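I have placed the structure first, in the form of structure tokens, so that the comments after it can refer back to it.
The values are calculated or read from the model by the stated rules, or taken from the named source; none is laboratory data. Everything numeric in this text was worked out from a predicted model, so none of it was measured. When we count neighbours, we look across all protein chains shown, and the Cβ atoms used for this are built from the backbone with ideal geometry, even at glycine. In case anyone asks, the SASA skips ligands and DNA or RNA and just uses the protein heavy atoms, side chains included. Shrake-Rupley method; radii C 1.70, N 1.55, O 1.52, S 1.80 Å.
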Amino acid sequence: MNEILDKLNEEQIKPVMDTEGAVLVIAGAGSGKTRVLTSRIAYLVKEKDVSPRNVMAITFTNKAADEMKERLNVMLDDVEGMWVSTIHGMCTRILRQNIPFIGYDKNFTIYSDADKDRVLKRIFDGLQFDDEKFLKNAKWHISNAKMLGLPPKKYHEEMQDVKDIEKYCSFYELYEETLKASNALDFDDLLLKTRDILANFEEVRNYYSEKFRYVHIDEFQDTNAVQYEIVKLLVRNHGNLFVVGDDDQSIYGWRGAEIRNILDFENDFIGAKVYKLERNYRSTKRILSLANAIIKNNTERKKKVLWTANDDGVRVETYTASDETNEAMYAAVQIKSLLARGYHAGDFAVLMRINAISRVYEQEFIKYGIPYKVFGGFKFYERKEIKDLMAYFRILVNPLDTDAILRIINVPKRGIGEKTIELMLDYAKNKGMCLYDSISDIDELDLPPVTKGRINNFRQLIVSLIIDKETLGLKDLLGKVLEKTNYLSLFEADTEENYTKRANVGELQNSIEEFVKLNADAGLTDFLNSVTLSSDIDEMDDGDYVTLATIHAVKGLEFRSVFICGLEETVFPISRAGNKLSELEEERRLMYVAITRAEERLYITNAQSRYLFGERQFTVKSRFLSELAPELGLPAPKTKIGTDDGYIRRVEERKPAFGYNDEGADAPPRSFGGYSSAGAKRFSEAQKLKPQVQPDAFVNYTVGKKVRHAKFGEGTIVAIKGSGASKVADVAFKGVGVKSLSIKFAPMELLEK
């Protein structure tokens, strides 16, 4: 057997050697799909004497494409002429040579999303429209039409029952005309124009089909309708198509990925061969058992069962916290324990369905000196919607804050244009004053009355909120900002992105509520100081950090230890999946992806109550916990999942699924108040992962004593909970507020005995 096949198992060898016709490889998580794909290409070149110029390999991220190129460079002496790229990269190369067929110049510009938004806004303003909701809806319809691969007239026919669809399609036509006049394409056009050229110009299609005799597609489950059409056109002349994917990891339906592409592959390519890779090299037997148990509940899938030669591994832990802070504190303590046993911060990931949940983890990790990075997104206080609202707060404290005014003077839209803002800035500079002063002097500027009116309205808004600041508490003040600015109107459309943004705003309300609870006499300035300090952890970002991420962001990655948090109805699975089978099955695939990121240790957590969308609610455990109960050795949850919003509103109705050890030596600290999968005793066992410090070491931590924390500086203990190694101290830090800290694990020292 040759050097290529020697590195493969029996399951992997078969598809690598099957070089002709259509081949589908169903590659389970951790089964070595990239090795199979690159080995197949190397086998074609080395053993079948196929020229690299006749091979194409397509994947869906630049990172994956680069990794594939690196592997092929090692495996092959010559890769010149081989196309290995993302599908958008491939389309761009085809269009640079062939776009004149449809009336564009080869030197076309590719517009970013921001460019696209500016063009749409310019068209909107040119039509003298003033309904911002219409613009939002028009943007959505244009994106939806392009995702479906439909031009304006066809889209109109498909959506004729939608209110105002004729107006939206007319707007779509104007947008297309504007792009063509500028010799420009947006990101979706790269796919659409390539499809159109291949479909309508036989000489172009024949050229590429003959050039690329062997076409390979990675992550095939992520293809949408237009991408699949392009692939079919490319292989029409020879039918040599090799696709690798996993229907159980199809998690991008919300952005157009079509799971039917992989499920119906044999119908599209009659005689196609199908191979399954079920051996997992990543995870322990216990983790894989859990993955198989969750995904078997889906009906729309190709049946397979992952197996491994790895050890059984440690048991999968579950933990039911009293609230989201307690849930995050549990994770922090487990991580600190394992760090003491030789794990590195980079071995851990905390995965969540929506990124609004990350804020409490950031808070707890800072408290315990755990380095972290929000992967595939921003730290909580760096997200746009949070920075917008914090800018409003900054102005209320300091109206001279020009940067804050520039950020929100037109958020939400108030019709105050860039030229007007430039004029006000010039006026302020010439007069030696700040931007807010020029707003107050707006009658002195040479501006149209309607523009002056808009600026005066903005000034009156800020003045009224400054007055509110003097009379309202922090939580009510945020509510008043949201009400008077109508800020949440920006996220009215029912989209994945808007759902997350609304949840983030709700999490800001939760953050304020927690701050006020611990710092009763603190004001807005104190809160802003606390936020500034808590966000400043750049010095910890040395490459060895805990990953905080949504599940979507870590597909393709793996970690020694994984926490999956927020297992509650309406959070995971997300609320809109409750009444639609296809969306519920995609949520279950997300859970499967999350489980299979773990190599050695897996923790699954939920909270009895959670603060989301501006209010605290008691929760119902996720149905996924019920489905996994037999594997986890848990009783089935006693709460019934309803068909409404999934939340239980009254305390009396809450029935915890797991036992609770209310007192006793093995109970967790009262500040945790959690429920573990084997009772609260398991938390105590987790504490023992680290060599125990004798309880006497904590006897001097008493109310009134001074401490120094690595992040927050000096503080005073104002309350003590628990005893011995389970002691938790509430410490008041100047300019930061009161923080609850596990004495055993927090990076702090006693300044006086």
| task | Could you pull out every one of the lysines with an alpha carbon less than 18 Å from that of K69, ignoring same-chain neighbours closer than 8 positions? | result | K33, K46
| Shape category assigned to the stretch 583-627 from the gyration tensor of Cα positions, a/c cut at 1.5 | prolate
| message | So for the stretch 468-508, considering every pair of alpha-carbon atoms, how many percent are separated by more than 17 Å? | response | 36
| What does the charge dipole of the chain about its Cα centre add up to, to the nearest 20 debye, if the Cβ of each Lys and Arg holds +1 and the Cβ of each Asp and Glu holds -1? | 1460
| Toward the positive end of the charge dipole of the chain, about the Cα centre and with charges on Cβ (Lys, Arg +1; Asp, Glu -1), which of M748, F129, Q97 goes farthest? | M748
| query | So how exposed is R236, as accessible area in Å² (1.4 Å probe, rounded to 10)? | reply | 140
| Just how far, in whole angstrom, is the stretch 313-380 from the stretch 703-747 if you go by their alpha carbon centroids? | 20
| How much accessible area does E513 have with a 1.4 Å probe, in Å² rounded to the nearest 10? | 50
| query | For the stretch 474-623, what does the alpha-carbon gyration tensor say about shape, rounded, prolate or oblate, given a ≥ b ≥ c as the root eigenvalues, a/c under 1.5 as rounded, and a/b over b/c as prolate? | reply | oblate
| said: How far apart, in nanometres, would the label points at L425 and N144 be if each is projected 7 angstrom from Cα along the Cα-to-Cβ direction? | reply: 3.8
| Can you pull the percent of Cα pairs in the stretch 416-562 with separation above 21 Å? | 66
| field | Candidate residues D49, D526: accessible-area rank, largest first, probe 1.4 Å | value | D49, D526
| query | How compact and how long is the stretch 1-141, expressed as Rg and Dmax of its alpha-carbon atoms in Å? | reply | 21.8, 72
| said: If I take R0 = 45 Å and measure r between the Cβ atoms of D18 and R315 in this structure, what FRET efficiency does the formula 1/(1 + (r/R0)^6) give, to the nearest 0.05? | reply: 0.65
| Flagged links, alpha-carbon separation over 31 Å, of K133/K739; K419/K484; K7/K302; K387/K727 | K133/K739; K387/K727
| In percent, what relative contact order does the stretch 1-155 have, based on Cα pairs under 8 Å that are 6 or more apart in sequence? | 14
| message | Under the √(5λ) rule applied to the eigenvalues of the Cα gyration tensor, what semi-axes describe the equivalent ellipsoid of the stretch 289-343? Give them in Å, descending. | response | 30, 19, 8
| note | Looking only at aspartates and glutamates whose Cα falls under 13 Å of K211's and that sit 8 or more positions away or on another chain, we get E203
| Antiparallel DSSP beta bridges within the chain, as percent of all bridges there, nearest 5 | 35
| task | Count neighbours as other Cβ atoms within 10 Å of each site's Cβ, and list the trypsin sites (Lys or Arg not before Pro) in the stretch 292-359 that are DSSP loop with at most 13 such neighbours. | result | K303, R341
| remark: Once normalised by the length of the chain, the mean sequence separation of its alpha carbon contacts under 8 Å that are 6 or more apart gives a contact order in percent of 14
| W254 accessible area, assembled protein chains, probe 1.4 Å, Å² | 110
| Residues with amide H under 5 Å of I604's amide H, sequence separation 5 or more or different chain, H placed in the peptide plane at 1.01 Å from N; which? | E317, T318, Y319, I564
| request: Normalising by the residue count of the stretch 398-523, find the relative contact order in percent from Cα pairs under 8 Å and 6+ residues apart. | output: 20
| said: For the stretch 191-349, take every pair of Cα atoms, bin their distances at 5 Å starting from 0, and report each bin as a whole percent. | reply: 1, 7, 12, 13, 14, 12, 10, 9, 7, 6, 5, 3, 1, 0
| message | I need two numbers for the stretch 109-191: Rg to one decimal and Dmax as a whole number, Cα atoms only, in Å. | response | 12.1, 35
| What 222 nm value per residue comes from the helices of the chain, counting each DSSP H run with n ≥ 4 as -39,500 (n - 2.57) and dividing by all residues, nearest 500 deg cm²/dmol? | -13500 deg cm²/dmol
| request: Can you send over the carbon and sulfur percentage of the accessible area for the chain, probe radius 1.4 Å, protein chains only? | output: 47
| query | Sorted by accessible area (1.4 Å probe), largest first, how do K429, K384, K139 line up? | reply | K429, K384, K139
| request: Among the lysines, select those whose C-alpha is under 22 Å from the C-alpha of K139, and discard any that sit fewer than 8 residues away in the same chain. | output: K116, K121, K153, K154, K163, K167, K180, K193, K384, K413, K501
| Based on the Cβ-Cβ distance of L581 and Y281, what FRET efficiency does E = 1/(1 + (r/R0)^6) give at R0 = 35 Å, to the nearest 0.05? | 0.60
| request: Would you rank L185, L584, L400 by solvent-accessible area, highest first, keeping every protein chain in place and using a 1.4 Å probe? | output: L400, L584, L185
| request: Would you mind checking K480/K517; K367/K706; K276/K336; K367/K480 for any pair whose Cα atoms are more than 28 angstrom apart? | output: K276/K336; K367/K480
| query | Antiparallel as a % of all DSSP beta bridges within the stretch 551-621, to the nearest 5? | reply | 50
| For the stretch 299-428, convex hull volume per residue from C-alpha positions, Å³ | 244
| task | Would you work out which of N519, T451, S575 lies farthest towards the positive end of the dipole of the stretch 439-581? Charges go on Cβ: Lys and Arg +1, Asp and Glu -1. | result | S575
| query | After finding the eigenvalues of the alpha carbon gyration tensor for the chain, what semi-axes result from the square roots of 5 times each, listed largest first in whole Å? | reply | 46, 40, 23
| request: Using a 1.4 angstrom probe, figure out how much accessible area the chain has per residue, in square angstrom, rounded to the nearest whole. | output: 43
